[in-house]
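Below you'll find the structure, written out as structure tokens, and then a few comments.
The values are calculated or read from the model by the stated rules, or taken from the named source; none is laboratory data. Fair warning: this is a prediction, and the values are worked out from it, not measured in the lab. Here the Cβ positions follow ideal geometry from the backbone for every residue, glycine too, while neighbour counts run over all protein chains shown. The protein model used for the area step is the full one, side chains on, heavy atoms only, and it has no ligands, DNA or RNA in it. Shrake-Rupley method; radii C 1.70, N 1.55, O 1.52, S 1.80 Å.
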Number of protein chains: 4
Amino acid sequence: MIRLECDYAEGAHERVLRRLFETNLEQTPGYGEDLYCARAREYIQQLCQREGIDVHFLVGGTQTNTTVIAAALRPHQGVIAATSGHINVHETGAIEATGHKVLAVPSADGKLTGREVRRVYESHWQDATREHMVQPGMVYLSQPTENGTLYSLAELTDLWETCQDCGLFLFVDGARLGYGLMSEACDMTLPDLARRCDGFSIGGTKQGLLFGEALVLSHPALRRDFRYHIKQHGGLLAKGRLLGVQFCAILEDGLYFELARHADRLAMELRRAFETRGYEMLFDSYTNQQYPILPDGLLAQLEEEFALTVWSKVDGGHTAVRVCTSWATEPQAVQALIRALDRWEET
Amino acid sequence: MIRLECDYAEGAHERVLRRLFETNLEQTPGYGEDLYCARAREYIQQLCQREGIDVHFLVGGTQTNTTVIAAALRPHQGVIAATSGHINVHETGAIEATGHKVLAVPSADGKLTGREVRRVYESHWQDATREHMVQPGMVYLSQPTENGTLYSLAELTDLWETCQDCGLFLFVDGARLGYGLMSEACDMTLPDLARRCDGFSIGGTKQGLLFGEALVLSHPALRRDFRYHIKQHGGLLAKGRLLGVQFCAILEDGLYFELARHADRLAMELRRAFETRGYEMLFDSYTNQQYPILPDGLLAQLEEEFALTVWSKVDGGHTAVRVCTSWATEPQAVQALIRALDRWEET
Amino acid sequence: MIRLECDYAEGAHERVLRRLFETNLEQTPGYGEDLYCARAREYIQQLCQREGIDVHFLVGGTQTNTTVIAAALRPHQGVIAATSGHINVHETGAIEATGHKVLAVPSADGKLTGREVRRVYESHWQDATREHMVQPGMVYLSQPTENGTLYSLAELTDLWETCQDCGLFLFVDGARLGYGLMSEACDMTLPDLARRCDGFSIGGTKQGLLFGEALVLSHPALRRDFRYHIKQHGGLLAKGRLLGVQFCAILEDGLYFELARHADRLAMELRRAFETRGYEMLFDSYTNQQYPILPDGLLAQLEEEFALTVWSKVDGGHTAVRVCTSWATEPQAVQALIRALDRWEET
Amino acid sequence: MIRLECDYAEGAHERVLRRLFETNLEQTPGYGEDLYCARAREYIQQLCQREGIDVHFLVGGTQTNTTVIAAALRPHQGVIAATSGHINVHETGAIEATGHKVLAVPSADGKLTGREVRRVYESHWQDATREHMVQPGMVYLSQPTENGTLYSLAELTDLWETCQDCGLFLFVDGARLGYGLMSEACDMTLPDLARRCDGFSIGGTKQGLLFGEALVLSHPALRRDFRYHIKQHGGLLAKGRLLGVQFCAILEDGLYFELARHADRLAMELRRAFETRGYEMLFDSYTNQQYPILPDGLLAQLEEEFALTVWSKVDGGHTAVRVCTSWATEPQAVQALIRALDRWEET
């Protein structure tokens, strides 16, 4: 069985593991106050071309999103997100568990626009009974989105300027940020992003580490006392240096980006294979997640050999599935899937 | 200025105030453990034809909804409500502040159906990643809804049976319950309701009291330790007998229902006046809230004499407004509004 | 049975009720945006000799404490209080339910000192692992305390200066503020208090109103968006003018203070009666709550005629009880209790 | 610099890392639904001699404590703990952040007794105003405690029977459980523990893993829907098999216990070295954490060579410190510390 249903089926890139081995018996202070975390922090500051930013290292994505949103909002505020946003759907109400409403905005492709954000903001502030409603306090995006779609630099700039105008924090969930930045369709750089939001994450779990998310905070109000928030949310790893060591390993010479580009290329190869054979894609993704719409017969046949994620029933005879590549995907796995498509065509 | 924009512009029915005067210097135990609360509890049990139910008296509606929902749900559960439901829109995120997501279901008329509830339930339990999502634990309805619309007995029965099937609590917000039950279009009685939900409220604030909501709980799991929850949510009124005295005054001989019928009749008089003059209604309401769609010129003219609530822009030249009658509305106020419509027609 | 066990056994002062009657059928905007609330706000600003302060009217004390504390603290902060403080003992964990720890400081008399506050503050900030602990963010006092004891002006000034030094909010719970300020042992005025804290409440429920607490906020950070917080905590009374009308009635000519002085005088009469008969007092109270330590035989005899609150077992044969006077206490009730003491002496 | 200030200064036992290497490129399902977690679960069930228990694997201790306590308590309930308990002091209010009060009981040695638990329980239920107070719902212990002290089997049995009587959940935090069970002073086995609580954790982070806590749940009410709670609290590790692989490595042949015994022996060697040289111990610990009281001059000298944790000032000239051994401590490190003591004696 070849697993293409997610991008976290394997462990870590071999270099990451090797570094953990090499540093294993060193003694360091706990809770992220070690030299490896300091060094990884510097790498990220350099990559972002922003010296003054804070960088924290957390274990997982839900933890990262929850901690930053809970730290940012006052009790009567909520966070604007696309209806399909991870915080609105797949975090078991973690945001609400900290007391905050997700102000969900419907979106066909998983993206928000500056215009929609402004509409939510204005409809709140123009309402005479606004004190009876949750006040928007933050905007949450993913780059790339849950659907694999990408914000362009112009779209992000528009959102950022809107948030600045409206006094809203802007947070970008980068659980798959590398796959976004390395996409052939991406027109923004890491420094571009770092200058257009108040905070963002750089995902490690799905991009070659065993686990770990780097959280970059630039807005002073978000930075204040942030380690308390991490601890309260259970994210202050005792052996914090494990995160520092891993991020150092993958960032020191650009391995993070190289691995992401590899996954994106394989994903686009798959996309083209589906499209040239006449299958439509549910979302217009140029990143490592692809969403072909398949006849149910084909799907059944593929599932004998491949693990895929069933995404949604499209009609009586067709189903959209998610196919993921990752830093660990072998080109042979992609070739095998394409051959399986061909076999189906022949029958 | 004649106020028809809400149903809480005046104080209380004269009998309610008189009873507060008569009992004013009596000394009673605090926090609802007095004889007036006991007597009001009995009235409600008799009216519901259910002896075993618990009845608590709280001050306001947001408090009542929040307390019962927070007491009912486990931390990973959410409450299903119509998108327009009061808890989803007009309680400043009070439900989320207790840690729970409102699972909002779009609804044109403000009502939910058993089919929709079952769909939410099944789509949760059939999802392989359901542990990553909020589990439905309760259904929240209003009778009548925010839009003045009513559930029929058949619709409520369907919802109740669905909830029983699915293991979901059913709670009915009756902030305007009297106006619902006394409507010419209502085919259910209070005992009908009391047998088709796990808990419901009987609104006093908008129905002739100074303030106060009676909360009826029948499900044993909701009843357990409930006074702790009331206290934690700031709802255990020190002089609890104020609630008991008021509910006794309005329930002892059916005054509550008589006042509601009065308001409904005036509201239907208004509805017919709008409709016979060719104005469409935004919602099909048979209760004390009516939502005519008016030309903006007419609205501007009416607003010189009447306080109305602007509900929504319908198109470039029309606006839907809310017009409310209440237990306190004078027939002359309604006549004055109708005359103003006629004056507009003549111009 | 004569009730002296609490100060909320009756309704309201007759003038308060009369004003509710007189204004009953006036139509006003809801939620505290009416002329009566505006006028009561002005009375309070004048009494405090501070024009710039905000004044909100809430229904009850737990609600008031919870709302202001939750609005003031960031998620990782807690509130310093005496172990016996109302928020630590008698609010069913309402503060914790909003996510915040009460940092309880043991206190024999129910009071905190500036030195203790500074110690909590410094022991936090000097701890290398402080990020693993709740950060002090606010100090909560009651004037008078749960035990009837009073802060002197010098003590309050010391606390205020400490809080200013440490960057801590200072909130004073004045559920019985009138009984404090009118005490023969009190050396501070309302303007003194208003200049030495960031917020405080003026209790109405226990001081002649049916219900209601005025919340005075002076710190800009507490004032911002405060009505949202009130609504979220269920405290935005639909007919908010009921609070305004009541506070106007009792504040317009000093009735509030006159009633408090009446209660304090009767309480001191009781205290002297106990002391001259050789009974010790558990706390050194000069306000309307007195805590005599009684032989169990005497207590049993008193309880046939009087409702008192059992406070704590002192030893095998003695019990401390709370005896309360209030705005409504008749001098005859106090005389009856003193006669009962004499009868016991004679046996 | 030799680090003896904590038991998480190094990475993991070499076998643990090797297993991560060996399994690194295997593809497994995520979120703990893999074969390694299943196998580790079986090991633990066998070691506990209880087949029916649930076992979950989480990343850290604060996360584990918070998740199980929040899942267990209803909103009006709190958790009884020693004042020095980890959840009361060193989790930045994580328990309160989920809405629950820690009902702290003072304790000289960090332990609770059945009698104290019963007293808290009875004083709650015997109070006429108990609805105004937090209801005890759970008892939280650590074995060993923060102070290194141990519950005997008789003490645990007494606590368990008390909790059963009172309807309280009993949860045992075993962040250092191995160091407890392997202590020369411990008279209980893992099966003994597993039959005397509703849930407990088996710490990995401080006992030879990179990170990871195994959470054992036996009470059906705690087990229900537990994975939702883990996810909501950010504890459902995407590559959950990392936890399974590590726990398999350390449990398969008793390595976990062997490493703990090693640390305990070195700790007792240190204790005896301190005691024979006349230094008193702050706590009577027989586990891997020792708390000698040292002259400040000695402490200053030791700190040039060793990292120790300053615990508390004992008097003007003495300080209690924490000295930890762990699975990774070399006997040479302990010898070096003892030699340093001798050098101090000679001066």
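Considering only the stretch A:213-224, how many residues are surrounded by fewer than 24 Cβ atoms within 10 Å (Cβ to Cβ) and either free of Cβ contacts under 8 Å to residues at least 60 places away in the same chain or not charged (D, E, K, R) (or both)? So that I can check it myself, show each step before the final result.
Keep residues of the stretch A:213-224 that are surrounded by fewer than 24 Cβ atoms within 10 Å (Cβ to Cβ), which gives A:217-224.
From what is left, the residues that are either free of Cβ contacts under 8 Å to residues at least 60 places away in the same chain or not charged (D, E, K, R) (or both) are A:217-222, A:224.
Number of matching residues: 7.
Residue D:98 is checked against (1) within 14 Å of chain A (Cβ to nearest Cβ); (2) touching a residue at least 40 places away in the same chain (Cβ under 8 Å) and fails just one. What number does that condition carry?
(2)
Among what's in the stretch B:144-201 and is acidic (Asp, Glu) and within 19 Å of residue B:87 (Cβ to Cβ), pick the residue that is modelled with the lowest pLDDT. I'd like the intermediate steps shown before the answer.
Initial filter on the stretch B:144-201 (acidic (Asp, Glu)): B:146, B:155, B:158, B:161, B:165, B:173, B:184, B:187, B:192, B:198.
Those left that are additionally within 19 Å of residue B:87 (Cβ to Cβ): B:146, B:173, B:198.
Details: B:146: 95, B:173: 98, B:198: 98.
So, considering only residues that are acidic (Asp, Glu) and within 19 Å of residue B:87 (Cβ to Cβ), the one modelled with the lowest pLDDT is B:146.
Taking residue C:83 as the residue in question, decide whether it is more than 9 Å from chain B (Cβ to nearest Cβ), touching a Pro at 6+ places or on another chain (Cβ under 9 Å) and not acidic (Asp, Glu).
Numbers: more than 9 Å from chain B (Cβ to nearest Cβ): yes; touching a Pro at 6+ places or on another chain (Cβ under 9 Å): yes; not acidic (Asp, Glu): yes.
Yes.
Among the residues of the stretch B:146-185, write down those that are in a loop (DSSP other than H, G, I, E, B) and either on the phi > 0 side of the Ramachandran plot or without any contact (Cβ under 8 Å) to a residue 24 or more places away in the chain (or both).
Residues of the stretch B:146-185 in a loop (DSSP other than H, G, I, E, B): B:146-152, B:167-168, B:174-176, B:182-185.
Result: B:148, B:167.
Considering only the stretch A:198-209, I want to know if a residue exists there that is farther than 23 Å from residue A:241 by Cβ and open to solvent by 20 Å² or more (accessible area, probe 1.4 Å).
For the stretch A:198-209, residues farther than 23 Å from residue A:241 by Cβ and open to solvent by 20 Å² or more (accessible area, probe 1.4 Å): absent.
Residue C:103 is checked against (1) in contact with a strand residue (DSSP E or B) (Cβ under 9 Å, 6 or more places away or on another chain); (2) within 12 Å of chain B (Cβ to nearest Cβ) and fails just one. What number does that condition carry?
Residue C:103 satisfies every listed condition except (2).
Please go through the stretch A:219-240 and pick out each residue that is at the interface with chain D (Cβ under 8 Å from one of its Cβ atoms) and in contact with a Phe, Trp or Tyr (Cβ under 6 Å, 6 or more places away or on another chain).
A:236, A:238, A:239
Return the residues of the stretch D:314-329 that are farther than 13 Å from residue D:288 by Cα and touching a helix residue (DSSP H, G or I) at 6+ places or on another chain (Cβ under 9 Å); say none if nothing qualifies.
D:316, D:317, D:318, D:319, D:321
Which of the following residues is touching a Lys or Arg at 6+ places or on another chain (Cβ under 9 Å) and surrounded by fewer than 21 Cβ atoms within 10 Å (Cβ to Cβ): A:26, A:10?
Details: A:10 fails: surrounded by fewer than 21 Cβ atoms within 10 Å (Cβ to Cβ).
So the residue among A:26, A:10 that is touching a Lys or Arg at 6+ places or on another chain (Cβ under 9 Å) and surrounded by fewer than 21 Cβ atoms within 10 Å (Cβ to Cβ) is A:26.
Test residue B:2 against the criterion of being within 14 Å of chain C (Cβ to nearest Cβ), open to solvent by 30 Å² or more (accessible area, probe 1.4 Å), in contact (Cβ under 8 Å) with a residue 60 or more places away in the chain and in contact with a strand residue (DSSP E or B) (Cβ under 8 Å, 6 or more places away or on another chain), and give yes or no.
Values: within 14 Å of chain C (Cβ to nearest Cβ): yes; open to solvent by 30 Å² or more (accessible area, probe 1.4 Å): yes; in contact (Cβ under 8 Å) with a residue 60 or more places away in the chain: yes; in contact with a strand residue (DSSP E or B) (Cβ under 8 Å, 6 or more places away or on another chain): yes.
Answer is yes for this residue.
How many of the residues making up the stretch C:120-130 are open to solvent by less than 40 Å² (accessible area, probe 1.4 Å) and free of Cβ contacts under 8 Å to residues at least 40 places away in the same chain?
The initial filter retains those residues of the stretch C:120-130 that are open to solvent by less than 40 Å² (accessible area, probe 1.4 Å), namely C:120, C:124.
From the residues that got through so far, the ones that are free of Cβ contacts under 8 Å to residues at least 40 places away in the same chain too are C:124.
Qualifying residue count for the region: 1.
Residue-by-condition table, conditions (1) touching a residue at least 60 places away in the same chain (Cβ under 8 Å); (2) within 23 Å of residue A:7 (Cα to Cα):
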position: A:227; (1), (2): yes, no
position: A:230; (1), (2): yes, no
position: A:233; (1), (2): yes, no
position: A:238; (1), (2): yes, no
position: A:251; (1), (2): yes, yes
position: A:292; (1), (2): no, yes
position: A:303; (1), (2): no, yes
position: A:307; (1), (2): yes, yes
position: A:321; (1), (2): no, yes
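Please enumerate the residues belonging to the stretch B:326-341 that are assigned to a loop (DSSP other than H, G, I, E, B) and without any contact (Cβ under 8 Å) to a residue 12 or more places away in the chain.
Residue satisfying the conditions is B:330 alone.
Within the stretch A:259-273, is there a residue that is touching a Lys or Arg at 6+ places or on another chain (Cβ under 8 Å) and either surrounded by fewer than 24 Cβ atoms within 10 Å (Cβ to Cβ) or part of a loop (DSSP other than H, G, I, E, B) (or both)? If you could, list the steps in order and put the result at the bottom.
Residues of the stretch A:259-273 that are touching a Lys or Arg at 6+ places or on another chain (Cβ under 8 Å), as a first pass: none.
No, the stretch A:259-273 contains no residue that is touching a Lys or Arg at 6+ places or on another chain (Cβ under 8 Å) and either surrounded by fewer than 24 Cβ atoms within 10 Å (Cβ to Cβ) or part of a loop (DSSP other than H, G, I, E, B) (or both).
Kindly list the number of the only condition in (1) touching a residue at least 40 places away in the same chain (Cβ under 8 Å); (2) within 14 Å of residue C:76 (Cα to Cα) that fails for residue A:205.
So residue A:205 meets the others, but not (2).
Would a scan of the stretch B:275-290 turn up a residue that is over 25 Å from residue B:151 (Cα atoms), surrounded by fewer than 19 Cβ atoms within 10 Å (Cβ to Cβ) and in contact with a strand residue (DSSP E or B) (Cβ under 8 Å, 6 or more places away or on another chain)? Walk me through how you get there before you give the answer.
To start, the set of residues in the stretch B:275-290 that are over 25 Å from residue B:151 (Cα atoms) comprises B:276-278.
Filter once more, so that each one left must be surrounded by fewer than 19 Cβ atoms within 10 Å (Cβ to Cβ): B:276-278.
From what's left, in contact with a strand residue (DSSP E or B) (Cβ under 8 Å, 6 or more places away or on another chain): none.
No, the stretch B:275-290 has no match at all.
Output the residues belonging to the stretch A:16-74 that are aliphatic (A, V, I, L, M), more than 8 Å from every other protein chain (Cβ to nearest Cβ) and over 21 Å from residue A:142 (Cβ atoms). Talk me through it step by step, then tell me what you get.
In the first step, residues of the stretch A:16-74 are kept if they are aliphatic (A, V, I, L, M); the result is A:16-17, A:20, A:25, A:35, A:38, A:40, A:44, A:47, A:53, A:55, A:58-59, A:68-73.
Subsequent filtering for residues that are more than 8 Å from every other protein chain (Cβ to nearest Cβ) retains A:16, A:35, A:38, A:40, A:44, A:47, A:53, A:55, A:58, A:68-69, A:72-73.
Residues satisfying the conditions are A:16, A:35, A:38, A:40.
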